[in-house]
Structures are given as C-alpha cells and as structure tokens.
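Here is the structure we will look at.
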Amino acid sequence: MAALKEIALFGFGLWALSCASPQVVKTALGGDLAALKREVASARKAGGLDEGTVRELAIAVLRREIQSMRGEYAPDLLASFSECVKPVISTLEDRAATEGDVAAAARLLLLSLDELDPEDAISRFSKAEAGAFRAVAARASVGPEFGKLRREFLLDPDPRVRKSALKAALAELDPADIPLLFESSRVDPDPGCRSLAIRALGLSGGERAVRVLRDRFEQADESTKMAIAEAWSLPKSLAAGGDEMLVWLAQTGDGLPAVTAAVGLGRHDKLREVGTGVLLRLLEQGTSTERRVVVQVAPLDDTRLLAAVRKVAANDADVSVRAQALIRLLSLPGDAEKAKLGLVGLLADKGDAALIAEQALARHGDQSVAPRLLKRLQTDGVEHRQLAAFALLDLQRYSDAADGLADAHPKVRASVACEIVRR
C-alpha cells in the first residue's frame, strides 16, 4: 500500500509540474521527440528559453530519460549521474523498482547516495540470479561484519559482482581480504577488477604488497602497469619500498606507466627531482601520447617544466599535443593571452585539435566559438554534439544548449540534462 501511495504521489507531482510549467516542459514530460524539437525551436524564437526554463526543461528530460533509458551503454550512463539526480530521486526510485540491468544500476546509484539501506540490499539481492543485482549486494558489503559474504562475492563468476565487492573492500580495508586481493590482482580476467585489487593492496601497504606487485609488473598490460605505479605511490606502499620501485620504473620504463611513476615521485619531496627529470625527458623525447599526458599533469610551479611546456605549445609537431599545452598555459595569468591566440589559430585545424581548442576557449568565455559549437550540435557525431552542448553551457548560452535536450540520441539528451541540473 505504501509503495502504491508513493507512486500515486509521484504521478501527482508530475501532473502538478506539467500544469505549472511552460509548454516545452510539458512536451518533454509527455510528448514525443519530434514535438519536443518543435517546441524547443518555437520557445527559443519567442524568447522563452531563459536559464530558469532550460533548467526546468532539463529536469523534465532527465526524468523522462531515466524512465526510458535502455541499451548496453545505459547502466554506465546512469552510474555517472550521481551529481545530478537529487532533484529527481523519486524517478530514480521508480526505475530501481523495475527489472533489468538499468534497474540494478539505479539501485547502485541509490546506494551510493545513501538512499538505499545496505542491509536491505544484501538481504534482497545477495542470492539474486542476475549478476547485476548481486552486484548491488556486493557493493553494500562494506566492513568486517560482511567480510565472509564480501569474499564470496570476490570469487563470483560475474565481473560486475567482483568489481562491486572490490569497491566495498576499498571503502573499508579489512586485513582478512588481503589474500584474495593478491589473487585478484594476479588472475582476475577483468582489467578493471585487477586494477581495483592492485589499488587496495597499495592502500594496505607493506613490503610484501610492494614486492608482489613488482612480480606482477613484468607480465602486465599497460593499464595494469599504470595501476601498479599508482599503488606504489600511495603513502603506506611508498614508505615500504614503493619509492624505490617508482624510481626504477621512472628511470628505466617508458610509456604511460613511466609518466605515472614520475608523477608519483613528484608527491615525494625527497624524490621530486627524479620525477621532474623524467617528465622533462618525456616532453623532449616521448611519443605524442606521452607528451600529451605530461603537459596535462606536469607541475608548472617548476620553472624548467614550465619552460618545456611553453616550448611544446610553441612548436610541437603534433597539433593535438600543442593544443593541450596551450590549455595548460591558458590558466596562467602571464601566459593566458598568448595561449588564447594560439588556440584561436588551431581552430583552422581539420582534426581533433580544433575541437579541443573550441572547448578550451568556451571555458575561457570566448563567445566567438559559439557559431562553430552550434554547427557541431546540429551536424556532428554523438560525442561531439554532447561536448558542443557542454561548451555552450560554459558560455552561458542555455537557450542554444537546449537543442541537446531534444537531440536524436538518448545519450546526448540524458547527458546534457544531467549537466544542466548539476550546474
């Protein structure tokens, strides 16, 4: 009876919202996509899409998309909504009460927001047939009192369950988990699970963990090597020999694992000079990928690194690397004006550098890129349309960004709605 009452109240809330709102919002709640496109265009032409109306429209679209989202991408998309679902929590609860992977993702999101009782989740879903729902119980199994159950989940055949159990282990480290974490770091077939297990070992620290991760390193893929480098840089591992491992990797390794090690050394006062030397070498001699990452993470309070990033911004052969360096310099008062001119010059590029430059200039408040963003919002692919809408929001052009709320792809509609509500 209580559940029926909640559903009735939710329905009344939608009805009241619809009655009190502009027509474009009513259409978002109850009309079809073609009608919503027409209403957005009509409201803009009539000057009725001010910031307040667009926010109200975004909440309506977010409700609608949570109710209807489906497809392989939907669970991960919903999981990214933690910063925008508070105003539509009743809709999320309604979706959680349905079936399927998206419903399970809704329950996981409710759990992360403290809107779902952990003990109730464990009681209801620990024996669920569907792995997506067992993952809800696994994520709720935080603390020694659920240790036995959590360790069973760490061995579950479904990687979603193991991943949730590893996140629960990370939330509150339990020494009894350590043997299984060692095994997960070695044999789990899912790279994401291996990385979570490695991070947990890094947080727990100790000479054995540092040594075992060194043994894992040689046969690991690049993403796992990066996870190991990050684990060595965590305080308890750093103090148990992780510092020596980071020096070894930074000086003898290559690729993104070496970058990760150098950044980790930068957090250690006594070893920062070693990390700086590696970053300078990679800026001079590294691959495009290495240089692109280094210009994003290099601490620019070091005058040598600042000079090296300025050099990359001025003449790097890879235009996308040059764009990233210009973005770093845009945040520095003494370099901002020159960096802005450099980014404007990249707008003529035919590749991704132009897109990167548009995004950065929009964040900087440059209204001159608005026509380019509007064109992308109407003609480009899904990811570019989404980014164009976000950049229009950076420019405070809510009326123009509203086109993203009526986009043909549900991923764009939902992401843009979430971003507007979050802001």
Checklist outcome for this item: Here the gain from full extension of Q296 to K127, 0.36 nm per residue of separation minus their alpha-carbon distance, amounts to 56.4 nm
Item to check | Per-residue [θ]222 nm for the chain (sum of -39500 (n - 2.57) over DSSP H runs n ≥ 4, rounded to 500) | outcome: -21500 deg cm²/dmol
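Give me the percent relative contact order of the chain, please, defined on Cα pairs under 8 angstrom at least 6 residues apart. All intermediate terms of the calculation are to be shown ahead of the outcome.
Working: 578 pairs, mean separation 51.4, N = 423.
Result for the chain is 12 percent.
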Checklist entry - Nearest 0.05, what FRET efficiency do N315 and Q251 give at R0 = 35 Å with Cβ-Cβ as r? => result 0.80
Next on the checklist: Can you report the principal axis dimensions of the chain using only the alpha carbons, biggest first, rounded to whole angstrom?
Outcome noted: 66, 59, 28
Next on the checklist: If you count only protein heavy atoms and use a 1.4 Å probe, how large is the accessible surface of V319, to the nearest 10 Å²?
Outcome noted: 40 Å²
Checklist entry - Hey, if we sort T98, T379 by accessible area with the 1.4 Å probe, largest down, what's the order? => result T379, T98
Item to check | L341 paired with T379, simple spin-label distance in nm, labels 7 Å along Cα-to-beta-carbon | outcome: 3.0 nm
Checklist entry - Contour minus end-to-end for L113 and D190, with contour as 0.36 nm per residue of separation and end-to-end as the Cα-Cα distance? => result 25.1 nm
Checklist outcome for this item: When every protein chain stays in place and a 1.4 Å probe is rolled, E183, E218, E419, E119 sorted by accessible area with the largest first are E119, E218, E183, E419
Item to check | At R0 = 60 Å, FRET efficiency that the Cβ-Cβ distance of A46 and E99 yields, to 0.05 | outcome: 0.90
Checklist outcome for this item: Taking a straight Cα-to-Cα line shorter than 22 Å from K86, and setting aside same-chain lysines fewer than 8 residues away, one finds K5, K26, K411
Next on the checklist: With a 1.4 Å probe and all protein chains kept in place, how much accessible area does E145 have, in Å² rounded to the nearest 10?
Outcome noted: 130 Å²
Checklist entry - In square angstrom, rounded to the nearest 10, how much accessible surface does S90 have for a 1.4 Å probe? => result 40 Å²
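Using a 1.4 Å probe, what is the accessible area per residue for the chain, in Å²? Before the final figure, lay out the partial values.
Numbers: 19740 Å² over 423 residues.
Per residue, the chain has an accessible area of 47 Å².
The values are calculated or read from the model by the stated rules, or taken from the named source; none is laboratory data. Treat the numbers as computed from the prediction; the structure is a model and nothing was measured. Please note: Cβ atoms are built from the backbone with ideal geometry, for glycine as well, and neighbour counts cover all protein chains shown. Surface accessibility is based on the protein's heavy atoms, side chains included, excluding ligands, DNA and RNA. Shrake-Rupley method; radii C 1.70, N 1.55, O 1.52, S 1.80 Å.
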